[in-house]
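Below you'll find the structure, written out as structure tokens, and then a few comments.
The values are calculated or read from the model by the stated rules, or taken from the named source; none is laboratory data. Since the structure is predicted, the reported quantities are computational estimates derived from the model, not experimental observations. Every residue, glycine among them, receives a Cβ derived from its backbone with ideal geometry; neighbour counts consider all protein chains shown.
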Amino acid sequence: MLLDNADVKRLDSHDWRKQEFEHFEKDMTSESPRFPCIFGSMGLNRNELRFSFFNDIEDDSIEELAKALREYVEQARSFGNYTSMVTFFNIDKNLSIHEYQHTFWSILTRLHTIDLKEWPESIPNEENDPLWEFCFHGEPIFVVCNTPAHEIRRSRRANTYMITFQPRWVFDSIGLGTPKGDKSKDLVRSLLRQYDAIDPFPHLGIYGSPNNREWLQYFIPDTNEVSATAQCPFHHMRRNSMSSVQYIQGSDVTLEEAVMQLLPVTGSVEVQRDTPFREHKSHTHPTDETLLIISGDITFYTEEGELYCTPGDRILLPANTVHSSKAGENGTLYIIALEFVEQPKEEVLA
């Protein structure tokens, strides 16, 4: 559920959501020293920001975060040119920066795992490409993490764990690369020097510039030291996650909703109905496979164990995973989505 300024301010004064918002608002409206993110402050003042709150980072909460982010992406352009979705998590405030950093990349990876829209063709796969950006629901998004553990870099400190999702098109609206936009960028850098007890992060860059690495700016540490051999944790974790079977618990979904969630930009999905206790013997597929349960129940068997699934649950099976299944006493209905695999050119008939 997305909330605006007025929605949050109507919450009870003892509600942790209102309390964290008040801390956030105080930081964003600070004048002595002035908060460096002038565009975020403008978004707050214009009621263009949207807020979401989660009590933990368990799978159910990440599913809800994904729903909120989908809703936000679909509506964001109607909110204004300085919009972002600011997400607060009510989790342990005593973790180290490294623990918060790992949590951040884990959340992005889990969001990606349950995002079934393809990334835009304009976004390269290589994270060190200057044009790489995290995407969700088909939208390139710049992501920022703030934590209670940041002390020296106050601009990345928050009273609770916080992740902000800002559509890439917002920066186009700001006009970076134009005289007006460059003037704003210089002002932000100047404010950072006044606000933080450390020089601006040396890897702050402009999207698309030859030496720019977007991912380095998502979670900025409390120091200015970055290993020359540093690798993007998102891609590292994503590759690891796809090497094993993934189970994602969900909530009830209609057939139409399931089809639209799994339907690729170009291609099709399969609707499978299994009668009560129907078995599929052990087999594999040459591509990754996503299964979304619509009704009934079914148990999948892999070398990693058994997975009992009910409506709304998803199973991600990496390519060549040996698996079998057995429907429950009421049978089951589910959607299957496969990655598209081109036929070898030498086998294509004229």
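Key figures
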quantity	calculated
Region 298-343 - residue that is part of a strand (DSSP E or B) and touching a Pro at 6+ places or on another chain (Cβ under 8 Å) and, of those, surrounded by the fewest Cβ atoms within 10 Å (Cβ to Cβ)	Glu329
So Lys26, is it free of Cβ contacts under 8 Å to residues at least 24 places away in the same chain and closer than 14 Å to Asn90 by Cβ	no
Any hit, region 45-61, residues being within 23 Å of Ile174 (Cβ to Cβ), crowded, with 20+ Cβ neighbours inside 10 Å and of a type in the set (D, E, K, R)	yes
Long-range neighbours under 6 Å by Cβ, at least six apart or interchain, first residue assigned by TED's automatic domain parsing to the domain that holds Phe79 and part of a strand (DSSP E or B) within region 157-170, second acidic (Asp, Glu) and modelled with pLDDT of 95 or more	Pro167/Glu139
Boolean, Cys145 is free of Cβ contacts under 8 Å to residues at least 60 places away in the same chain and surrounded by 16 or more Cβ atoms within 10 Å (Cβ to Cβ)	no
Residue match in region 228-246 (condition: polar (S, T, N, Q), in contact with a His (Cβ under 8 Å, 6 or more places away or on another chain), at pLDDT 85 or above and surrounded by 14 or more Cβ atoms within 10 Å (Cβ to Cβ))	no
Those residues of region 86-136 which are in a loop (DSSP other than H, G, I, E, B) and among the basic types (Lys, Arg), in sequence order	Lys93, Lys117
Residues of region 267-299 satisfying the condition of being without any contact (Cβ under 8 Å) to a residue 40 or more places away in the chain and on the phi < 0 side of the Ramachandran plot	Ser268, Thr284, Ser295, Asp297, Ile298, Thr299
Ala6 being exposed (fewer than 15 other Cβ atoms within 10 Å of the Cβ) and either of a type in the set (A, V, I, L, M) or touching a Lys or Arg at 6+ places or on another chain (Cβ under 7 Å) (or both)	yes
Residue within region 199-222 that is assigned by TED's automatic domain parsing to the domain that holds Lys93, of a type in the set (Asp, Glu) and exposed (fewer than 15 other Cβ atoms within 10 Å of the Cβ) present	yes
